[in-house]
Amino acid sequence: MKIAVLGYGTIGRGVYEILSNPVTDYTKKIQVSYIWIRKGKEKALPEMCDDFNIILQDKEVEVVVELLGGIEPAHTMILEALRAGKHVVTANKKVTAQYLKEFLEVAKEHHVQFLFEATTGGGIPWVRAVEKVKRIDEVSDFHGIFNGTTNYILDRMYKEGAEFDDVLKDAQQLGYAEHDPSADIDGLDIGDKLQITASLAFDCIAPNDFPIFGIRTITKNDISFFKNRGQVVKLIAQAKRSNNILSCCIEPVVFSKDSMEASVPNNFNLGSITGTTIGELKFYGQGAGMLPTANAVIQDIIDLLEEKNETAFDFSKEVEFCYDKIMKDYIIRTSLPEEKVREVFGENVGEREEYLGNYYYEILTISTKRLHDGIQQLQVYDKTVFGARIHVGTL
Ligand code: HSE
């Protein structure tokens with residue numbers, strides 16, 4: 001099977017490396033015929049080409065693998081490839097989150113497939129897992145650690161008592177973090193992954209207006225405060241169906257140190273999905289990095305080679321997402337006076353605890369939306385506010 005790879009960044013290099021040294025009968029059958037690079041870039045490999053029309057017109061190329069990242073030119077090139085009758089495989093979560101419905105419709109119209117396993121959970125077969133659960137069950141919940149960079153940061157802060165900024169620099173050097181680290185630390189990267197998974201899990205085009213609070217303001221002191229209570233903080237993406245209400249959010253969650261989530265090290269991810277009859281399934285693996293992500297891309301290509309995959313997602317359901325009906329408990333840390341905290345959160349304020357000169361407040365039985373809105377109100381006066389959900393029992 002002949003393929004064309006668009007882009008030769010981290011994942012492009014990984015795909016090329018695995019396919020240039022094939023060790024299985026599957027990978028031996030895949031040939032990289034073209035690597036599309038932007039005009040003006042040095043053509044360092046014989047497969048490199050800067051004319052996309054040559055690729056579109058080459059009838060032998062069956063699959064276009066989009067690894068450019070971002071919206072344009074990825075969006076246009078994916079559509080052109082599908083319209084030229086080529087299957088498309090991508091690792092680009094941003095363009096997939098925004099245009100999933102359009103890509104699937106155009107693919108269907110042209111009798112080809114649009115596959116995107118590598119967009120979520122890196123090397124973990126997560127998209128396939130959702131697809132399989134949905135063949136039998138209704139999904140009631142999925143949640144997990146879907147960002148390697150933030151997990152790496154939180155894990156090192158926990159294990160070494162390190163400060164946030166120092167560990168972030170290391171994550172960037174290791175190539176885990178996105179170009180702009182805010183996409184990782186403010187939860188936007190996981191936002192795309194949550195939107196893609198929620199669309200698949202709930203047969204709809206999920207919105208992207210759900211509450212997001214990242215880990216930009218977490219400190220060594222916060223990690224130590226929770227560690228003293230036998231707890232570990234993780235950045236969690238979650239979607240839930242409860243009494244026919246669908247909700248999504250991204251926020252730091254505090255887990256008992258004995259939980260599976262608390263044990264996830266380095267850049268690893270852990271995705272959990274719950275179906276009606278299967279119960280809870282958990283998937284663990286490397287959620288970022290060159291070879292694990294390239295591996296997921298190649299799995300999609302092999303499915304096309306084997307003609308195994310026929311994605312049959314239905315995005316037609318009109319479902320309503322609501323972020324202020326499910327109540328949870330939180331802890332926030334702020335240097336503002338207690339009156340200000342009470343002014344914003346009223347009767348939801350519980351106990352206050354002092355720890356190494358910082359004040360931590362319980363905010364109880366409150367919706368995600370109200371909590372996130374309240375944090376934003378406090379941030380006007382104290383930019384360093386941090387908050388995390390307290391996880392007791394099931395999420
Ligand atoms: N920056 C992302 C992460 C890459 O750290 O998980 C994989 O999507």
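Details
- Derived scalar couplings ³J(HN,Hα) [region 167-177; Karplus, 6.51 cos²θ - 1.76 cosθ + 1.60; whole Hz; x for Gly, Pro]: 6, 4, 4, 5, 4, 5, 5, 6, x, 7, 6
- On a per residue basis, region 306-362 carries 65 Å² of accessible surface, using protein heavy atoms and a 1.4 Å probe.
- Our coupling estimate for region 110-123, obtained by passing each phi through the Karplus curve with A = 6.51, B = -1.76, C = 1.60 and θ = phi - 60°, is 9, 6, 10, 10, 10, 10, 8, 3, 6, 6, 10, x, x, x Hz, Gly and Pro reported as x.
- The residues of region 63-207 have, on average, 35 Å² of accessible surface per residue, using a 1.4 Å probe with all protein chains present.
- With kT/(6 pi eta Rh) evaluated at 25 °C and eta = 0.890 mPa s, and Rh the Kirkwood radius from Cα pairs, region 205-270 diffuses with a coefficient of 181 µm²/s according to Stokes-Einstein.
- By the Stokes-Einstein formula, at 0.692 mPa s and 37 °C, region 249-318 with its Kirkwood radius over alpha-carbon pairs has D equal to 212 µm²/s.
- Overall form of region 33-72 per C-alpha gyration tensor (a/c, 1.5; a/b vs b/c): oblate
- Hydrodynamic radius of region 85-230 by the Kirkwood approach over all distinct alpha-carbon pairs: 17.0 Å.
- Principal-axis analysis of the Cα atoms of the chain puts helix 188-201 at an angle of about 70° to the longest axis.
- Peptides 146-159, 266-279 ordered by average Cβ neighbours within 10 Å, highest first: 146-159, 266-279
- Prolate/oblate/rounded call for region 191-314, Cα gyration tensor, a/c under 1.5 rounded: prolate
- Taking amide H as placed 1.01 Å from N in the peptide plane, the amide H of residue 237 sits under 5 Å from that of 144, 146, each at least 5 places away or on another chain.
- When the P(r) of region 286-395 is calculated, the portion above 19 Å amounts to 62% of the C-alpha pairs.
- Sorting the segments 60-71, 217-228, 32-43 by their mean number of nearby beta carbons within 10 angstrom, highest to lowest, gives 60-71, 217-228, 32-43.
- Euclidean distance between Cα centres, region 292-332 to region 342-394, Å: 31
- Applying the Karplus relation 6.51 cos²θ - 1.76 cosθ + 1.60 with θ = phi - 60° to region 61-75 yields 3J(HN,Hα) values of 7, 9, 10, 10, 10, 8, 10, 8, x, x, 8, 10, x, 4, 4 Hz, where x marks Gly and Pro.
- Taking the DSSP bridge list for the chain and keeping only pairs wholly inside it, about 65 percent are antiparallel.
- Crossing angle, helix 10-20 versus the chain [Cα axis fit, 0-90 degrees, rounded to tens]: 40
- Structure-based [θ]222 nm, the chain - -39500 (n - 2.57) summed over DSSP H runs of at least 4, per residue, nearest 500: -11000 deg cm²/dmol
- In summary, region 54-106 shows an alpha-carbon radius of gyration equal to 1.05 times the 2.2 N^0.38 Å reference for compact globular proteins.
- Counting only protein heavy atoms and a probe of 1.4 Å, the accessible surface of the chain is 48% carbon and sulfur.
- Placed amide H near residue 367: partners under 5 Å, 5+ positions off or other chain: 328
- Mean shadow area of region 26-172, taken as a quarter of the surface of its Cα convex hull (nm²): 12.8
- Shape of the chain, Cα gyration tensor, a/c cut at 1.5: prolate
The values are calculated or read from the model by the stated rules, or taken from the named source; none is laboratory data. Please read these numbers as outputs of a predicted model, since none were measured by experiment. With ideal geometry, Cβ positions are generated from the backbone for all residues, glycine too; neighbour counts draw on all protein chains shown. Heads up: the accessible areas ignore ligands, DNA and RNA and are worked out on the full protein's heavy atoms, side chains in. Shrake-Rupley method; radii C 1.70, N 1.55, O 1.52, S 1.80 Å.
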